[in-house]
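Written out below as structure tokens is the structure these notes cover.
The values are calculated or read from the model by the stated rules, or taken from the named source; none is laboratory data. These numbers come from a predicted model, not from an experiment. Every residue, glycine as well, gets a Cβ built from its backbone with ideal geometry; the counts of neighbours run over all protein chains shown. For accessibility, only protein heavy atoms count, side chains too; no ligands or nucleic acids. Shrake-Rupley method; radii C 1.70, N 1.55, O 1.52, S 1.80 Å.
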Amino acid sequence: MNTRDSDDQILDFVGDITRDVGAVQAGILEQILAKNANVEYFKRHGLCGVPSRDDFKRAMPLSSYTDIESDITRMASGDDSRILTDAPVRQMLTSSGTSGGKQKLFPKSETYDIESVLMNRISRACLNKQIPIQGKSLQFIYVRKPGVTPGGVVTCSGLSGYFTSPAFLNRKIDPSSGFTSPDQVLLCVDFDQSSYAHLLCGLVQSTQVATLGAPFASTLVRSMKRLSDCWRDLCQDIRSGKVNSNIISDLSVKHAVNAVLRKPNPELADAIERECSKKNWRGIITRLFPNARVIQTIVTGSMQQYVPVIDFLSGELPIASPLYASSECSSLGVNLSPLSPPSPILYTIFPSFAYYEFLPVNCKNSSSGDLVELADVELGKEYELVITNRAGLYRYRVGDVLRVVDFYNSAPQFAFVRRAGVLLSVDTDKTDELELHTAVVNACSLLPQDVFVVDYTSRVDLCSHPGHYVVYWELSLPVSDSSVELLKLKECCSMLESSLSVVYLRNRREGSVGAMEIKLLQNGTFDRIVDYVVSNREGSVAQFKVPRCARDPTMIDILESNVVRSIQATHIPLPRL
Ligand code: AMP
């Protein structure tokens with residue numbers, strides 16, 4: 001299949017590949033086993049020569065990141081021996097997932113980018129089938145500079161790698177569709193410049209914009225916040241027909257954006273100014289982009305929390321949540337009916353990129369013997385996704401829980417249920433219970449000796465821009481104004497932040513996550529929460545465990561109405577050494 005094929009050809013291909021997913025999966029596993037037969041990891045698990053599928057299933061255990069971390073470290077340091085893969089790995093993907101606070105790295109397969117292009121192409125064909133899109137797309141795409149490990153391995157995120165890859169850059173460009181931003185803007189690594197340039201290019205072509213979006217909903221919301229900060233400058237540039245060099249200093253971006261601006265357009269500038277200066281921004285997207293028909297962005301999992309604000313800004317345009325993707329495997333799934341609400345958003349796992357197995361949730365031993373193949377998952381059941389890929393992951397637990405909701409031909413269609421263990425997430429940061437607990441313990445060590453935290457919980461507050469983490473503390477003593485100074489709470493806030501993962505710290509530095517807040521509670525607040533929970537659910541006080549993330553609205557009300565003092569971090573945190 002070629003990504004330049006017509007929509008009909010693409011959809012025929014999807015039909016063919018999903019007809020017998022069991023056979024496709026068997027073929028993929030055989031290819032992976034034949035290619036990597038001589039790697040150390042296989043020998044370590046007693047596999048010699050090219051193992052059969054049955055040998056693999058018998059001998060290969062489930063794995064998680066800690067099981068392969070030392071192998072990955074060796075590969076990243078330039079060790080070219082056959083550790084996890086037959087061919088040396090020259091590129092690694094930086095995941096937003098972390099392990100022990102450090103960013104996870106995954107070997108990148110040679111086919112990763114081309115698979116991503118293919119999945120994006122399929123996703124576009126599916127959307128076109130439901131609602132023929134005529135016009136351009138304002139996509140808020142941001143890339144980061146790649147890194148290099150001491151061993152010379154290039155590292156970057158899956159998204160940055162994809163948008164800078166030849167597979168993407170050599171795509172067929174249709175001037176009447178495609179992105180409103182030129183590639184120079186997509187490739188700019190400075191958020192302030194690229195977000196401004198995206199907005200400017202989108203606004204000057206506003207009547208041609210048919211879809212708006214960003215890979216993740218958090219990025220779309222952040223980009224719209226940027227609009228609220230800089231619409232006056234944008235109007236000025238549209239009025240003069242020239243981009244402000246103080247805002248866009250990158251020459252290639254400036255030239256490319258000036259070529260889009262072409263000439264002064266005071267009427268358009270006035271119209272934008274009229275809309276943006278109104279107090280109420282409800283429906284601002286449709287007011288500025290009158291022909292926009294769809295918002296394209298991932299809104300499942302932790303991104304679901306942004307649906308209300310996107311609905312507000314877009315005046316409830318339909319949202320198409322196109323893909324389910326990860327560093328472990330380019331694109332895990334595609335949404336074949338992106339405009340089918342109110343039914344749940346479903347992703348069809350694409351059977352030809354990796355070998356997928358499924359660990360039933362709540363199974364007794366969670367061992368490899370419990371794994372179920374893609375073709376054998378059962379309707380209505382929940383599973384944790386386990387991947388074997390071409391890049392050296394074998395029976396690797398991704399940590400995502402999926403529910404089988406339907407089938408497309410023989411391919412199961414999954415609803416994303418949750419990422420196992422994630423407690424707090426604003427953007428790409430994913431903080432689990434242990435990370436939060438360690439941070440709280442570190443911060444508590446700064447309190448005076450006779451003061452301790454009786455109990456704590458947390459939540460994400462999205463009323464601020466950007467959203468931020470709130471940690472609620474009930475202390476062992478009543479809090480008065482005079483005691484607050486003594487308690488060194490600002491230092492506690494900083495310690496909480498600097499104890500979190502590298503992805504959290506990077507997001508804080510880059511401004512996609514706001515400063516952490518500690519809210520001190522009146523004494524007895526957690527007793528009130530216990531009373532509420534126990535009276536509303538069947539259970540005993542003895543069994544009750546404080547949820548470390550408050551999601552229940554009544555519980556949040558109890559917490560908020562008992563806050564006696566709140567303190568927010570002032571500095572951008574540095575990682576703890
Ligand atoms: P990363 O390793 O940074 O690429 O992050 C991959 C993870 O992001 C996945 O394992 C999921 O937990 C999450 N993710 C990606 N796509 C989606 C989606 N469409 N819905 C919900 N979560 C997603």
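Loop-located trypsin sites (Lys or Arg not before Pro) in segment 5-68 (DSSP state not H, G, I, E or B) with no more than 16 neighbouring Cβ atoms inside 10 Å: Arg19. Can you classify segment 339-426 as rounded, prolate or oblate using the Cα gyration tensor, where a ≥ b ≥ c are the square roots of its eigenvalues, rounded means a/c under 1.5, and otherwise it's prolate if a/b beats b/c and oblate if not? Cα axes put segment 339-426 in the rounded bin. For Cys329, neighbours were defined as the other residues whose beta-carbon sits under 10 Å from its Cβ, and their charges (Lys and Arg +1, Asp and Glu -1) total -1. Simple spin-label estimate for His571 and Ser352 gives 5.4 nm between the two label positions (7 Å along the Cα-to-Cβ direction from each Cα). Each of the GluC sites (Glu not before Pro) that DSSP puts in a loop and that has at most 16 other Cβ atoms within 10 Å breaks the chain; the longest unbroken stretch is 111-315. Note on the chain: with neighbouring protein chains present and a 1.4 Å probe, carbon and sulfur make up 51 percent of its accessible heavy-atom surface.
Taking all protein chains together and a probe of 1.4 Å, list Ser177, Ser123 from the most accessible to the least accessible. Walk me through the numbers on the way to the answer.
On the way: Ser177 40, Ser123 10 Å².
From most accessible down to least: Ser177, Ser123.
Under a 5 Å amide H cut-off, with hydrogens placed 1.01 Å from N, Leu424 pairs with Thr431 among residues at least 5 apart or on other chains. Taking a ≥ b ≥ c as the square roots of the eigenvalues of the Cα gyration tensor, the chain is oblate, since a/c reaches 1.5 or more and a/b is not larger than b/c.
A simple spin-label model places pseudo-atoms 7 Å from Cα toward Cβ; at Lys57 and Ser340 they are separated by 2.9 nm. Here the Karplus relation 6.51 cos²θ - 1.76 cosθ + 1.60, evaluated at θ = phi - 60°, turns the backbone of segment 166-175 into coupling constants of x, 4, 7, 5, 8, 5, 6, 9, 9, x Hz, with x for every Gly and Pro. Per-residue SASA remark: Cys156, around 20 Å² accessible (1.4 Å probe; ligands, DNA and RNA not included).
Taking a straight line from the alpha carbon of Lys136, these aspartates and glutamates sit under 20 Å away, with near neighbours fewer than eight places off in the same chain left out: Asp5, Asp7, Asp174, Asp183, Glu316.
Distance check, please: which entries in Lys278/Lys490; Lys430/Lys519; Lys364/Lys545 exceed 29 angstrom between their Cα atoms? Provide the component values of the computation, followed by the final result.
Values: Lys278/Lys490 37 Å; Lys430/Lys519 21 Å; Lys364/Lys545 23 Å.
In this structure, Lys278/Lys490 lie more than 29 Å apart at Cα.
The HN-Hα couplings worked out from phi for segment 544-560 by the Karplus form 6.51 cos²θ - 1.76 cosθ + 1.60 (θ = phi - 60°) are 5, 10, 5, x, 6, 10, 8, 10, 5, x, 5, 5, 5, 4, 4, 4, 5 Hz, whole numbers, x standing for Gly and Pro. Note on Thr149 and Leu446: their simple-model spin labels are 3.4 nm apart, each label 7 Å out from Cα toward Cβ.
If you add up the charges near Lys263, with Lys and Arg at +1 and Asp and Glu at -1, over every other residue whose beta carbon is less than 13 angstrom from its beta carbon, what do you get?
Values: positive: Arg239, Lys242, Arg262; negative: Asp237, Glu267.
Residues near Lys263 contribute +1 overall.
Accessible surface for Leu323 stands near 20 Å², nearest 10, in the context of the full protein assembly shown (1.4 Å probe). Computed from the C-beta positions of Lys172 and Arg262, the FRET efficiency with R₀ = 25 Å rounds to 0.55. The lysines whose alpha-carbon is closer than 21 Å to the alpha-carbon of Lys129, local same-chain residues fewer than 8 away aside, are Lys172. Quote the accessible area belonging to Leu317 in square angstrom, nearest 10, computed with a 1.4 Å probe and with ligands, DNA and RNA left uncounted. The value for Leu317 is about 20 Å².
Return a whole-number percent for the relative contact order of the chain, with Cα pairs under 8 Å and 6 or more residues apart as the contact set. Show your work: numbers first, answer last.
On the way: 1097 pairs, mean separation 75.5, N = 577.
For the chain, the relative contact order is 13 percent.
Between beta-carbons, use under 11 Å as the cut-off and find the net charge around Val243, counting Lys and Arg +1, Asp and Glu -1. Net of charged neighbours comes to -1.
Once a ≥ b ≥ c are taken as the square roots of the eigenvalues of the Cα gyration tensor of segment 433-568, is the result rounded (a/c under 1.5), prolate (a/b larger than b/c) or oblate (a/b not larger than b/c)? Intermediate values should be presented prior to the final figure.
Working: a/c = 1.72, a/b = 1.27, b/c = 1.36.
Taking the square roots of the gyration eigenvalues as a ≥ b ≥ c, segment 433-568 is oblate.
Hey, how many Å between the Cα centroid of segment 369-387 and the Cα centroid of segment 255-313? The distance from the Cα centre of segment 369-387 to that of segment 255-313 comes to 41 Å. Using 0.36 nm per residue and subtracting the Cα-Cα separation, the extra length available between Asp229 and Lys381 on full extension is 50.2 nm. Under a 5 Å amide H cut-off, with hydrogens placed 1.01 Å from N, Phe216 pairs with Ile298 among residues at least 5 apart or on other chains.
Straight-distance candidates among the aspartates and glutamates for linking to Lys35, with alpha-carbon spacing under 20 Å and chain neighbours fewer than 8 residues away dropped: Asp54, Asp55, Asp71, Asp79, Asp80, Asp86, Glu110, Asp113, Glu115, Glu328, Glu357. Accessible surface calculations at 1.4 Å, restricted to protein heavy atoms, place the chain at 44 Å² per residue.
At 0.36 nm per residue, minus the direct Cα-Cα distance, what do Val307 and Cys363 gain on full extension? Give it in nm, one decimal, please. Working shown, then result.
Numbers: separation 56, 0.36 × 56 = 20.16 nm, distance 3.28 nm.
Result for the pair: 16.9 nm of gain on full extension.
Taking the Cβ-Cβ separation of Ala23 and Asp86 as r and a Förster radius of 25 Å, what is the calculated FRET efficiency to the nearest 0.05?
0.55
Considering only DSSP beta bridges where both residues belong to the chain, give the percentage that are antiparallel (nearest 5). Here the antiparallel bridges make up roughly 70 percent for the chain.
Backbone phi angles across segment 231-240, fed through the Karplus curve with coefficients 6.51, -1.76 and 1.60 (θ = phi - 60°), yield HN-Hα couplings of 4, 5, 5, 4, 4, 4, 5, 5, 5, 8 Hz in residue order; Gly and Pro are listed as x.
Only residues of segment 280-300 count here: report those whose backbone N is under 15 Å from the spot 7 Å along Cα→Cβ of Thr207, or say none. Residues 288-292 fall inside that zone.
With Cα atoms defining each centre, segment 1-25 and segment 159-227 are spaced 28 Å apart in the structure. Look at the dipole of the chain built from charges on Cβ: of Ser228, Trp281, Ile238, the Cα furthest out on the positive end belongs to Ile238.
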